[in-house]
């Protein structure tokens, strides 16, 4: 069986080993003196300790500032890597021979909207670290991670949000402040999810009587 697949209940499912991608991303951004912050599915893996909640991912996502995108593109082009622009804002680089699949995301996009300020704030405020493949990476705060996932309005990201909100280390006051500052229109969605999961800090709907 290939190391890119695992078996569950007799079915063969894809897996992703992030070690090579983590080492690659960290080196690229270190060479450019850019802070490397882990986001996306692997950040969920970091914050949710139970492996049962670790859904599949096919790549490693890192956050970069929009002012750094061209630096990364130029550096990777000089290294002869194939680069693909991401519709959401950022770039992807893959190398099957090196087992590398990394997204460098800034979330600045004409078509998909500008969330670059949220990403920049997440990068600047990241203090948690994790080690993958012997390489140390900053990890996005759980509150910024939830805010990013709420902003996509995708069901898989909403599921991640609900799972993350089960843990008491999430600072709801800080989360609301992040949402109000960077993605205010999604505040309604946040409050809806808090009520759905029965969070003790959810704002309850007022009842009106005739």
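Derivation of every value follows stated rules applied to the coordinates shown; laboratory data play no part. Only a predicted model underlies this, so the values are computations on that prediction, with no experimental measurement involved. All Cβ positions, glycine included, derive from the backbone under ideal geometry; neighbour counts span all protein chains shown.
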From DSSP H assignment alone, runs of 4+ in the chain each adding -39500 (n - 2.57), the sum over residues rounded to the nearest 500 puts [θ] at 222 nm at -11500 deg cm²/dmol
Residue span residue 163 to residue 86: 0.36 nm per residue of separation minus Cα-Cα distance leaves a gain in nm of 25.0 nm
Expressed as a whole-number percentage, the relative contact order of region 65-147 with C-alpha contacts under 8 angstrom and at least six residues apart is 20
Full extension between residue 110 and residue 127 adds, at 0.36 nm per residue less the Cα distance, a length in nm of 3.1 nm
Taking a crude spin-label model, label points 7 Å out from Cα along the C-beta direction, the residue 156 to residue 16 distance in nm is 0.8
At the level of C-alpha centres, the distance separating region 145-160 and region 115-142, in angstrom, is 17
